Amino acid sequence: NFGPKTLPVEPGSPPGRRRPMTETSGPLDAASLIKDGWFMEKNQQWPGQANSLEVKEVLLHKKTKFQDLMVFDSTQWGKVLILDGVIQLTERDEMSYQEMLTHLPMFAHPNPQHVLIIGGGDGGVLREVCKHTCVEKATMCEIDGGVVEASKAYFPSVSTGFGHPKANLIIDDGVAFAENAKDASFDVIIVDSSDPVGPAEKLFSKEFYANAHRILRPGGVLCTQGECLWVHADLIQQMLQENGAPFASAEYATMQVPTYPSGQIGAFLGRKAFADASKERDTSCRQPRRAVPPGMALRYYTEEMHAAAFALPAFLAQRLQAGGGGGDRDRAAAGKRRRLQWDGA
């Protein structure tokens, strides 16, 4: 099982940043979560806690093909995007998630030219990917076009990447897209994914990670939403041990997002083995392999933040070490075996 006990989501729900586990059956109505002028995010994925934001004005509330979507203006955090009752972003803190989920893998790669984004319908990760001049093409596969349209209308500073000449937006199932992609197609894959419940379980499965490994080029980096260390330590350990098996390195990085549960969320980073065996000893993503270019517009990510993201609290580091997971383990000796098993070499 993945983390705490959860309830099932509605069939056909798409990948989103975080998915709700409500205590009532039937379609969720985000308006029901606003009481006395406050929106309260409360569900069983993070039991015993809730996050509230004061609402100034509801700007949009609609049902897309897949989910309940709300945008409201808050008193302190700017406009807020809600999907199925769960906070996806606020204008005030969105850059912490978008920049770290993007630039950790992008700067961990020496020259990312072809990038795949799965999910991330608000466009924030795409915006960040397009800041890298080395990128030749950024393909984004998002299942819910309604989220894209809402972001364009209400979050213009987040959705700027949709108009970038290097961006290629595909409205489709990201898991199916990855399954049909050619071998060694991408330098970096970023999965702005859901929690591992319902249909989104596929994005946390060993099969999906093995497939992502297949379509990465040698030395390529996969970065996926890695859940909260305060709530989902079991899942983090499983991701590193099992899903990280085909990769030359598998590591967990942490980032601060005040409006997410516990104020923290993580990222799984895995690197495919380099074609040049001499580089096998240095497969970690802990240090950037390129300097931040002068003039790159950043509000959260720095080279120092990159390295610091991999420093874990003692309780988690000890747990991962005891369980054989985490980025500190030396995988070099197993590199040749992995290439034989996963690359067909």
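Quick notes on this one:
- Reducing the range 247-279 and the range 291-320 to their Cα centroids gives an inter-centroid distance of 10 Å.
- Under conditions of 37 °C and 0.692 mPa s, the range 37-90 yields 285 µm² s⁻¹ as its translational diffusion coefficient, taking Rh as the Kirkwood radius over Cα pairs in the Stokes-Einstein equation.
- Accessible surface for the range 147-283, divided over its residues, is 35 Å² per residue with a 1.4 Å probe.
- Efficiency of FRET from Cβ geometry, Ala322 and Ala291, R₀ 25 Å, rounded to 0.05: 0.10
- Rounded percent of accessible protein surface that carbon and sulfur make up, the range 106-154, 1.4 Å probe: 47 percent
- Within the accessible area of the range 239-286 (1.4 Å probe), percent carbon and sulfur: 46 percent
- Net length gained if the chain between Asp183 and Arg281 were fully extended (0.36 nm per residue, minus Cα distance): 32.9 nm
- Estimated vicinal HN-Hα couplings, Hz - the range 38-47 in sequence order (Karplus 6.51, -1.76, 1.60; Gly, Pro = x): 10, 8, 10, 8, 9, 7, 7, 5, 10, x
- You can think of it this way: the chain between Ser205 and Ala314 has 36.5 nm of extra reach, that is 0.36 nm per residue less the Cα-Cα gap.
- Taking every Cα-Cα distance in the range 93-323 and sorting them into 5 Å bins starting at zero, the pair-distance distribution P(r) comes out as 1, 7, 15, 20, 22, 18, 11, 4, 1, 0 percent.
- Distant-in-sequence amide contacts of Trp38, defined by a placed amide H-H separation under 5 Å and a gap of 5 or more residues or a different chain, comprise Val55.
- Selection from Phe208, Ala150, Leu169 lying farthest towards where the dipole of the range 139-252 points positive, charges on Cβ: Leu169
- Highest mean packing comes first when the peptides 78-88, 39-49, 292-302, 128-138 are listed by Cβ atoms within 10 Å, giving 78-88, 128-138, 39-49, 292-302.
- Cut-off under 5 Å, modelled amide H: who pairs with Leu169 long-range: Met140
- Annotation note: trypsin sites (Lys or Arg not before Pro) in the range 169-259 located in DSSP loop regions with a Cβ neighbour count of at most 10 within 10 Å are Lys182.
- Other residues with beta-carbon under 14 Å from the beta-carbon of Lys79 carry, at +1 per Lys or Arg and -1 per Asp or Glu, a net charge of -4.
- Accessible surface for the range 37-90, divided over its residues, is 42 Å² per residue with a 1.4 Å probe.
- Of the solvent-accessible surface of the range 37-90, computed with a 1.4 Å probe over protein heavy atoms with every protein chain present, carbon and sulfur atoms account for 48 percent.
- Label point distance in nm, Thr302-Lys137, each placed 7 Å from Cα along Cα→Cβ: 3.7 nm
- Taking each of Lys137/Lys272; Lys131/Lys182; Lys63/Lys166; Lys79/Lys272; Lys35/Lys63 in turn, the alpha-carbon distance tops 28 angstrom for Lys63/Lys166; Lys79/Lys272.
The values are calculated or read from the model by the stated rules, or taken from the named source; none is laboratory data. Bear in mind the structure is a predicted one, so any value in this text is a computation, not a measurement. Quick reminder, even Gly has a Cβ in these numbers, built from the backbone with ideal geometry, and neighbours come from all protein chains shown. We work out accessible area using only protein heavy atoms, side chains counted, and drop any ligands, DNA or RNA first. Shrake-Rupley method; radii C 1.70, N 1.55, O 1.52, S 1.80 Å.
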